[in-house]
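*Asks:* Starting off with a structure, shown below.
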């Protein structure tokens, strides 16, 4: 059973070694990510991490080791925090799983993560179906599972943002933030994939997987951070099952 959910963004600048001069501007987001990961680790040592990647739908086993070298520094992370990160690293491990591994390592506890990747343009119905399937996976009564959902909001909040300024970004991310703050799975399921694509949103499909996985449950939710440094929206939330 999924006992708790952490929702994180995926900027490489979360990693202090990569942040450089931008470390101060991303400090609040980084702290919130660490708090959410710590909360998830306190409730489950087995995580399922959901993220979007152009490579499409696939599962990545907990034995994977990756590196942020493609983003400028060879910071290595493992999806199983007990693994040796000195092992050969996959230079192509997708960013959502790199962030998942980094967040797990920040907890200082034993965590094993299975990655579940989806295409960024996966239709809503398929996202919801995957979420329901993940929630329905058989497990022992005492086998708590944490769901880690990784993805950014709109990258169109300012003129200097990666996708430049789009006035629709603010209301879109306000809707996402409100849904994450209240565990409103219907609102997440109702996000428009076409609009999300136009706004350069990386988190739409993973959030809709969450909507499928959490639908029908009773959750206590907290929005730990919602900010848009550099014109990209980053949401951090933590849900626990009542």
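*Asks:* Somewhere in region 76-89, is a residue closer than 17 Å to residue 16 by Cβ, surrounded by 19 or more Cβ atoms within 10 Å (Cβ to Cβ) and touching a helix residue (DSSP H, G or I) at 6+ places or on another chain (Cβ under 9 Å)?
*Replies:* yes
*Asks:* For the structure I just gave you, tell me whether residue 128 is within 21 Å of residue 40 (Cβ to Cβ) and either in contact with a helix residue (DSSP H, G or I) (Cβ under 7 Å, 6 or more places away or on another chain) or in a helix (DSSP H, G or I) (or both).
*Replies:* no
*Asks:* Answer with yes or no whether residue 23 is in contact with a helix residue (DSSP H, G or I) (Cβ under 9 Å, 6 or more places away or on another chain) and closer than 19 Å to residue 111 by Cα.
*Replies:* Spelling it out, it is not the case that residue 23 is in contact with a helix residue (DSSP H, G or I) (Cβ under 9 Å, 6 or more places away or on another chain) and closer than 19 Å to residue 111 by Cα.
*Asks:* Pick from 101, 72: which is buried (at least 19 other Cβ atoms within 10 Å of the Cβ), over 19 Å from residue 239 (Cβ atoms) and either touching a residue at least 12 places away in the same chain (Cβ under 8 Å) or within 18 Å of the chain's Cα centre (by Cα) (or both)?
*Replies:* Testing whether each residue is buried (at least 19 other Cβ atoms within 10 Å of the Cβ), over 19 Å from residue 239 (Cβ atoms) and either touching a residue at least 12 places away in the same chain (Cβ under 8 Å) or within 18 Å of the chain's Cα centre (by Cα) (or both) leaves just 101.
*Asks:* Moving on to the next point. For region 143-221, which fully contained helices (runs of 4 or more DSSP H) count at least 1 residues that are closer than 30 Å to residue 41 by Cβ and free of Cβ contacts under 8 Å to residues at least 12 places away in the same chain?
*Replies:* 169-182
*Asks:* Right, next: Take the conditions over 15 Å from the mean Cα position of the chain (by Cα), touching a residue at least 24 places away in the same chain (Cβ under 8 Å), surrounded by fewer than 15 Cβ atoms within 10 Å (Cβ to Cβ) and under 27 Å from residue 221 (Cβ atoms) and apply them to residue 17. Does it pass?
*Replies:* no
*Asks:* Considering only residues that are farther than 22 Å from residue 40 by Cβ and surrounded by 19 or more Cβ atoms within 10 Å (Cβ to Cβ), which ones fall in region 110-123?
*Replies:* Those that are farther than 22 Å from residue 40 by Cβ and surrounded by 19 or more Cβ atoms within 10 Å (Cβ to Cβ): 120, 122.
*Asks:* Please specify each residue of region 222-235 satisfying the condition of being within 18 Å of residue 170 (Cβ to Cβ) and either modelled with pLDDT under 95 or in a strand (DSSP E or B) (or both).
*Replies:* Scanning region 222-235 gives 223, 225, 226, 227, 229, 230, 234, 235.
*Asks:* Continuing with this model, one more query. Before we move on, is residue 107 touching a helix residue (DSSP H, G or I) at 6+ places or on another chain (Cβ under 6 Å) and closer than 21 Å to residue 42 by Cβ?
*Replies:* So residue 107 passes the test.
*Asks:* Related question: So residue 5 passes all but one of these: (1) under 16 Å from the mean Cα position of the chain (by Cα); (2) modelled with pLDDT under 95; (3) closer than 27 Å to residue 184 by Cβ. Which condition number does it fail?
*Replies:* That leaves (2) as the condition not met.
The values are calculated or read from the model by the stated rules, or taken from the named source; none is laboratory data. Quick caveat: nothing in here was measured; it's all calculated off a predicted structure. We place every Cβ from the backbone using ideal geometry, glycine too, and count neighbours over all the protein chains shown.
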